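The values are calculated or read from the model by the stated rules, or taken from the named source; none is laboratory data. If you're wondering where the values come from, they're calculated on a predicted model, not measured in any experiment. Here the Cβ positions follow ideal geometry from the backbone for every residue, glycine too, while neighbour counts run over all protein chains shown. Only protein heavy atoms, including side chains, enter the accessible area calculation; ligands, DNA and RNA are left aside. Shrake-Rupley method; radii C 1.70, N 1.55, O 1.52, S 1.80 Å.
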Amino acid sequence: MDMDKLVSLCKRRGFLFQSSEIYGGLNGFWDYGPLGVELKRNVKEAWWREMVTGHDDLDVLPGAPEPFEMTGLDTTIILHPQVWKCSGHYDLFHDYMVDCRESKKRYRHDQVRGRWLEAKGQTIFVTTQVGGDEGLAETQQRALKFFNLRAKDIEQLQWQGPLISLTTVKDFAPVLGPEAKTLGTLTEPREFNLMFKTYVGALSGEEGAAFLRPETAQGIFVNFKNVVDSTRVRVPFGIAQMGKSFRNEITPRNFTFRSREFEQMEIEFFCHPNSSPQWYKYWRDRRYQWYLNLGLEGERLRLRDHDPDELSHYSVGTADIEYAFPFLPPGEFGELEGIAHRGDFDLRSHMEGKLVRQGNELVVELDAEGKPKYRGSGKDLTYRDDLTNERFTPHVIEPSAGADRATLAFLCQAYTEDEAPDENGKMQQRVVMKFHPKIAPIKAAVFPLVKKDGMPEAAKDIYLALKKRFSVFYDEKGAVGRRYRRQDEAGTPYCVTVDGQTLTDQTVTVRDRDSLRQWRIKAADCVTEIARLIEGGDIG
Ligand code: ATP
């Protein structure tokens with residue numbers, strides 16, 4: 001699928017707009033339009049319903065070691081600055097950047113790739129920001145230009161290997177930066193903390209400094225005790241939260257995939273250390289299934305366990321759920337969600353202070369004077385099981401998803417070009433967004449075939465009845481074929497049309513977006529029929 005086509009459809013039909021577009025836009029920030037807001041809300045609602053409000057806490061779910069409870073929270077975006085010191089974000093949440101002295105551009109070190117080549121007796125490393133065939137073509141073009149060669153002299157370029165990361169290059173002197181004309185213009189990689197800094201209250205100095213949260217998870221950990229003390233939840237249980245997170249990404253790109261302001265959907269699941277490996281596996285599989293159930297195709301979705309050397313210093317196991325986004329080179333996948341076994345790292349950090357690994361142990365990091373570098377809260381965040389009387393620090397399994405990345409994956413998956421007959425029965429190309437009905441922005445559209453003979457009145461009655469339960473759309477303008485096409489682009493799964501026959505036998509036509517099948521039902525049955533079609537009538 002051509003990503004440009006999806007991006008232009010998103011703008012044309014009101015799924016996504018660039019933030020502050022009339023002022024030229026702001027890189028890494030996106031607004032959801034009238035259709036986009038419904039789509040994203042449905043994605044979040046599907047997550048919250050399945051993970052929290054609709055969760056069956058009485059039975060043992062398939063693959064789970066025992067029944068468990070799920071509850072939710074909505075915490076603030078700005079937290080006490082000490083939270084980020086103890087969590088490790090203050091010291092460690094950074095990427096490496098390189099600057100180009102010539103183009104004045106800044107790049108994320110690990111996102112620049114390049115190829116070694118020899119020509120005219122000189123060996124250089126030509127870089128690009130894109131991978132795959134596009135990256136090969138771009139480096140070739142740039143190499144020809146650098147060596148002042150024409151396309152017919154291409155055999156003079158002796159490539160010495162495939163595209164590799166700039167992180168493999170030690171000396172930048174022979175490196176041709178992604179937008180540079182001369183060699184050696186890139187600076188040494190430097191750390192860049194991704195947290196947005198702000199100031200709370202009238203204090204503008206360091207005393208008032210605080211950060212916008214780069215993840216929602218910490219708001220959950222610091223409320224663990226509040227939740228245990230104020231509800232009757234017992235370990236094992238999970239706390240879910242969705243909300244905005246902010247990361248000052250060095251190079252936001254690939255549409256909404258890497259934004260600077262985005263929404264996360266996170267669960268912190270607290271369990272006994274002995275059963276945590278089983279819970280880790282349970283959540284890994286359950287979350288993978290969630291995406292499949294909402295329509296992501298198995299071949300483009302994968303569950304990838306991290307290699308031991310990829311794991312964070314505290315993690316026992318981590319897996320990513322990844323999707324083959326069309327903007328990535330063939331064979332490459334982008335992360336939708338990470339599921340991490342975090343042990344007791346987070347609760348201990350907020351009790352004792354920032355932890356570091358020493359051999360197999362996590363110990364409090366000390367400063368030069370032998371005192372804790374960042375002091376924890378000193379509050380007791382252990383848990384006592386009232387049945388066994390055992391006291392322990394729960395282990396945590398964290399399924400951490402991005403609402404925007406999930407929405408983008410559903411948009412990519414939905415985009416389809418096929419053919420449908422027009423009014424005269426002639427096949428025409430159509431663009432159709434094949435969303436799962438559960439997340440489709442509009443569930444049904446209602447049309448009077450023509451704007452007379454009482455058809456609009458009958459259609460309006462049906463529209464208002466459906467509107468009580470679903471997001472529906474009424475349209476009486478233009479040829480009916482055109483109205484169908486517009487709904488296909490919006491991804492509306494069903495269209496209900498009132499025609500001449502309706503006035504004599506009170507039936508209407510229902511049209512299925514994907515199969516184009518049309519059949520008649522009683523007008524009075526519209527609400528139950530659409531509810532049945534949109535998955536067992538449980539959508540409201
Ligand atoms: P990446 O390696 O792609 O930057 P990450 O591993 O840093 O992602 P996590 O810290 O695990 O991401 O965040 C959990 C989830 O939050 C991700 O799986 C993703 O869905 C979402 N997310 C993280 N950063 C961004 C971003 N800049 N824009 C949109 N979504 C994001």
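Rounded if a/c is under 1.5, else prolate if a/b beats b/c, else oblate: with a ≥ b ≥ c from the C-alpha gyration tensor eigenvalues square-rooted, which is the stretch 190-286?
The shape class here is oblate.
With a point put 7 Å past each Cα toward its Cβ, work out how far VAL450 is from ASP171 in nm, to one decimal.
Those two pseudo-labels are separated by 8.3 nm.
Helix hunt in the chain: which complete DSSP H runs extend at least 20 Å axially by C-alpha with mean Kyte-Doolittle at least -1.0?
Within the chain the helices that satisfy the rule are 34-48, 132-146.
Any chance you could run the full-extension gain for ASP56 through ARG391? It's 0.36 nm times the residue separation minus the Cα-Cα distance, nm to one decimal. List each step's numbers first, then the result.
Details: separation 335, 0.36 × 335 = 120.60 nm, distance 2.68 nm.
Using 0.36 nm per residue and subtracting the Cα-Cα distance, I get 117.9 nm.
Does the stretch 416-526 classify as rounded, prolate or oblate by the C-alpha gyration tensor (a ≥ b ≥ c root eigenvalues; a/c under 1.5 gives rounded; else a/b over b/c gives prolate, otherwise oblate)?
oblate
For the pair GLU102 and LYS152, what calculated FRET efficiency results from E = 1/(1 + (r/R0)^6), where r is the Cβ-Cβ distance and R0 = 35 Å, to the nearest 0.05? All intermediate terms of the calculation are to be shown ahead of the outcome.
Details: r = 29 Å, r/R0 = 0.82.
My answer for the efficiency is 0.75.
Quick one: which residues, 5+ away or cross-chain, put their amide H under 5 Å from the amide H of TRP159? H built at 1.01 Å from N.
Amide H to amide H, under 5 Å and 5 or more residues apart or across chains, TRP159 pairs with GLU118.
Size of the dipole of the stretch 43-82 about the Cα centre, Lys and Arg at +1 and Asp and Glu at -1 on the beta carbon, nothing else charged, in debye to 20?
Numbers: 2 positive and 8 negative charges, 53 e Å.
Computed charge dipole of the stretch 43-82: roughly 260 debye.
Which one of ILE442, HIS395, LEU411 is farthest out on the positive end of the charge dipole of the stretch 377-468, using unit charges on Cβ (Lys, Arg +1; Asp, Glu -1) and the Cα centre as origin?
My answer, from the dipole projection, is ILE442.
To check you understand DSSP bridge types, tell me what percent of the beta bridges within the stretch 446-513 (both residues inside) are antiparallel, rounded to 5. Could the numbers behind the result be given before it?
Numbers: 4 of 8 bridges.
Approximately 50 percent, going by the DSSP bridge assignments.
Using the per-residue mean of other Cβ atoms lying within 10 Å as a proxy for protection, in what order, highest first, do the peptides 333-342, 68-77, 384-393, 517-526 fall?
Numbers: 333-342: 21.4, 68-77: 15.9, 384-393: 10.9, 517-526: 14.0.
Sorting 333-342, 68-77, 384-393, 517-526 by mean packing, highest first, produces 333-342, 68-77, 517-526, 384-393.
Which of ASN223, GLY238, ASN254 sits farthest toward the positive end of the charge dipole of the stretch 204-257, with +1 on the Cβ of Lys and Arg and -1 on the Cβ of Asp and Glu?
Farthest along the dipole direction, towards plus: GLY238.
Please name which of GLY295, PRO308, LEU347 has its Cα lying farthest along the dipole of the stretch 285-354 towards the positive end, using unit charges on Cβ (Lys, Arg +1; Asp, Glu -1) and the Cα centre as origin.
Farthest towards the positive pole: LEU347.
Which value in nm describes the separation of the simple spin-label points at ASP91 and ILE521, placed 7 Å from the Cα toward the beta carbon?
6.1 nm
Rounded to the nearest whole Å², what accessible area per residue is found for the chain with the 1.4 Å probe?
48 Å²
Let me know the charge dipole size of the stretch 218-274 about its Cα centre in debye, to the nearest 20, where only the beta-carbon of Lys, Arg (+1) and Asp, Glu (-1) is charged. Each step should come with its number before you reach the end.
On the way: 8 positive and 6 negative charges, 9 e Å.
The dipole of the stretch 218-274 has a size of about 40 debye.
May I ask you to order 24-35, 315-326 by the average number of other C-beta atoms within 10 Å around their residues, highest value first?
Put in order of decreasing packing, that is 315-326, 24-35.
To the nearest 0.05, how large is the calculated FRET efficiency for ARG253 and GLN429 if R₀ is 30 Å and r is the Cβ-Cβ distance?
Working from the Cβ atoms, E equals 0.50.
Between ASP422 and THR187, take the C-beta separation as r, use R0 = 60 Å, and let me know the FRET efficiency to the nearest 0.05.
Calculated value: 0.55.
What share of the DSSP beta bridges in the stretch 415-540 is antiparallel, in percent to the nearest 5?
Once the DSSP bridges in the stretch 415-540 are tallied, antiparallel ones form about 65 percent.
Tell me, what ³J(HN,Hα) does each residue in the stretch 19-27 have, in order and in whole Hz, if you take phi through Karplus 6.51 cos²θ - 1.76 cosθ + 1.60 with θ = phi - 60° and put x for Gly and Pro?
Result, rounded to whole Hz: 4, 6, 4, 5, 9, x, x, 10, 4.
Classify the chain as rounded, prolate or oblate, taking a ≥ b ≥ c as the square roots of the eigenvalues of its Cα gyration tensor: rounded when a/c is under 1.5, otherwise prolate if a/b is larger than b/c and oblate if not.
Taking the square roots of the gyration eigenvalues as a ≥ b ≥ c, the chain is oblate.
Taking amide H positions as placed 1.01 Å from N in the peptide plane, with prolines and chain starts having none, which residues 5 or more places from TYR474, or on another chain, fall under 5 Å of its amide H?
Correct list: VAL446.
With only Lys, Arg, Asp and Glu charged, each at its Cβ (+1 for the first two, -1 for the last two), find how big the charge dipole of the stretch 406-476 is about the Cα centre; round to the nearest 20 debye. Before the final figure, lay out the partial values.
On the way: 11 positive and 10 negative charges, 91 e Å.
So the dipole magnitude of the stretch 406-476 works out to roughly 440 debye.
Expressed as a rounded percentage, what relative contact order does the chain have, with Cα pairs under 8 Å and six or more residues apart?
Result for the chain is 13 percent.
Do you know the relative contact order of the stretch 247-369, to the nearest whole percent, from alpha carbon pairs under 8 angstrom that are 6+ apart?
16 percent
So what's the back-of-envelope 222 nm ellipticity for the chain, counting only DSSP H runs of four-plus at -39500 (n - 2.57) apiece and dividing by all residues, rounded to 500?
Details: 14 runs with 139 residues, N = 540.
After summing the helix terms and dividing by the residues of the chain, the value is -7500 deg cm²/dmol.
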